[in-house]
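Here the structure is laid out as structure tokens; the discussion comes afterwards.
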Amino acid sequence: MSAREVTTTSVGIVGGGPAGLMLSHLLARRGIDSVVVDHRSRDEIEQTVRAGILEADSVRLLSETGVSERVLSEGDRHGGTYLAFGGELHHIDFQELAGASVWLYPQTEVFVDLADARAAAGADVRFGVGDTSVHDVTGERPSIRFTDADGSAHEIRCRYLVGADGSHSLCRHAIPPSEIRQYRKEYPFAWFGILCEAPKSAPELIYNHSDRGFALISQRTETTQRMYFQCDPDEDVDAWSDDRIWSELQARVGANGHELTEGPITGKSVLRFRSNVVEPMRYGNMVLAGDAAHTVPPTGAKGLNLALADVRVLAETLERALTDRDDDALDEYSRRALDRVWRSQHFSYWMTSMLHRPLAADEFDLRRQVAELHSVVRSTAGKTYLAEAYTGWPSG
Ligand code: PHB
């Protein structure tokens, strides 16, 4: 058996998505070395279609730390959003209510910018590794073991280990269940997502309530659009022709007086979702960040933003832990991150439950939802809460 090739670093990061790469970037700016490993290839990550909305602070983090100029030049600034219900479109003006905007800039582009920036900096990022496992996470020298594409064995020995490895996180699964608590909420519906070749159907996003169920009208570029409609979690993608999809989407937005510009559909998929939170986000000398620690339903677009907010706090905490030799600084990371995580859980749950047709809904349920939506848009306090939550609470 050949020996393992050992690399020593300060922080070993499992997961080369936006959370892992941004953490590695922020650590490097603090003079802290790290190694990132991911079982997926760079191409595979680039081809995954994810959400598209960045909070103002996420945009600042990308632009001001030198990861991306494109987010400002190619991203689309949205000063508000539409809620459609009760037969009408209602505009929520983020600028007026919260003094902030969001940016439509797909997660794939965030990943490309980060991967390019890490490559340009000569960072140690290893995509496409196999057989990953973590060891000695409660000890002084935790490690990550894996094999590379040639089948050679490697080991990354580090001071701290970070699981930024998504909702199926192997790092989270390495924690004894008795050491953490998991809070979960399942939803009886999913989203049917499409990409289509068509001009924009609206200048900003439309979150659309209707008796037939929720729909979301989003965008990607001037010529490519992203839309979703609420469906059954077991919905069969192949049962939906382009015509059937368009007639369902048109019926849902048509109930509120809007019409979509149609075009050829180039991608279809069903996205299941649930809420999940792990507490604490630390076990020994390992911490979890992003989807590895928490997932939110997509209504409200908090997933990527939460991951970026996590690693902003984590970079600061890891520096303190390493400089002061103080492992307990990691507890503070968990505490600070969870405060935002739970507020985002509430916001995402609230948006989801207010806008989706409940299972076995009756007339009362649907009328009550419309009244709830009216209560929000007719109250400055209500609209301001939505605008503040959507654009993102200040980091503190
Ligand atoms: C998207 O554009 O994919 C998107 C936007 C807003 C959401 C979820 C998804 O709340």
Practice problem: Would you mind checking the tilt of helix 380-391 against the longest principal axis of the Cα atoms of the chain, expressed as 0 to 90 degrees and rounded to 10? | Solution: 40
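Which percent, nearest 5, of DSSP beta bridges in the range 6-143 are antiparallel?
Of the beta bridges lying entirely in the range 6-143, close to 65 percent run antiparallel.
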Quiz prompt | Helix axis angle, 242-254 relative to the chain longest principal axis, alpha carbon, degrees | solution = 70
Practice problem: Just tell me which aspartates and glutamates come within less than 15 Å, Cα to Cα, of K200; anything on the same chain fewer than 8 places away is out. | Solution: D76, E222, E259, E262
Exercise. Write down the radius of gyration of the range 20-161 and its Dmax, each obtained from C-alpha positions, in Å.
Key: 19.4, 62
Quiz item: Relative contact order of the range 92-184: what whole-number percent is it, with Cα pairs under 8 angstrom and at least 6 residues apart?
Solution: 14
Quiz prompt | Gyration tensor (alpha-carbon) shape descriptor, the range 349-396, a/c threshold 1.5 | solution = oblate
Quiz item: Which value, in Å², gives the accessible area per residue of the chain when a 1.4 Å probe is used on the protein heavy atoms?
Solution: 42
Quiz item: At what distance in nm do the modelled label points of S241 and Y183 sit from each other, each positioned 7 Å from its Cα along Cα→Cβ?
Solution: 4.7
Practice problem: List the lysines whose Cα lies under 24 Å from the Cα of K185, skipping any in the same chain that are fewer than 8 positions away. | Solution: K302
Quiz item: Got the relative contact order for the range 234-293 handy, in percent, Cα pairs under 8 Å and 6 or more residues apart?
Solution: 27
Self-check item: With 10 Å bins from 0: P(r) over the chain, alpha-carbon pairs, percent
Solution: 5, 23, 31, 24, 13, 4, 0, 0
Practice problem: Order K383, K302, most accessible first, counting only protein heavy atoms with a 1.4 angstrom probe. | Solution: K383, K302
Exercise. Report the relative contact order of the chain, percent, no decimals, based on alpha-carbon pairs under 8 angstrom and at least 6 residues apart.
Key: 20
Quiz item: Hey, how many Å between the Cα centroid of the range 293-332 and the Cα centroid of the range 343-396?
Solution: 26
Quiz item: Separation of the range 9-71 and the range 156-226 by C-alpha centroid, Å?
Solution: 17
Exercise. May I ask you to give the percent of accessible area on the range 299-365 that is carbon plus sulfur, with a probe radius of 1.4 Å?
Key: 52
Quiz item: Quick one: if the Förster radius is 22 Å, what FRET efficiency do D324 and R141 give, using the C-beta to C-beta distance and rounding to 0.05?
Solution: 0.75
Quiz item: In degrees, nearest 10, range 0 to 90: what is the angle between the Cα axis of helix 363-377 and the longest Cα principal axis of the chain?
Solution: 70
Quiz prompt | Estimated distance in nm for a label pair at R60 and E46, the labels positioned 7 Å out from Cα along Cα-to-Cβ | solution = 3.1
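The values are calculated or read from the model by the stated rules, or taken from the named source; none is laboratory data. None of these values were measured; they are calculated from a predicted model. In this analysis, Cβ positions are derived from the backbone assuming ideal geometry, glycine residues included, and neighbour counts consider all displayed protein chains. For the accessible areas, the whole protein counts, side chains as well, though only heavy atoms, and no ligand, DNA or RNA atoms are used. Shrake-Rupley method; radii C 1.70, N 1.55, O 1.52, S 1.80 Å.
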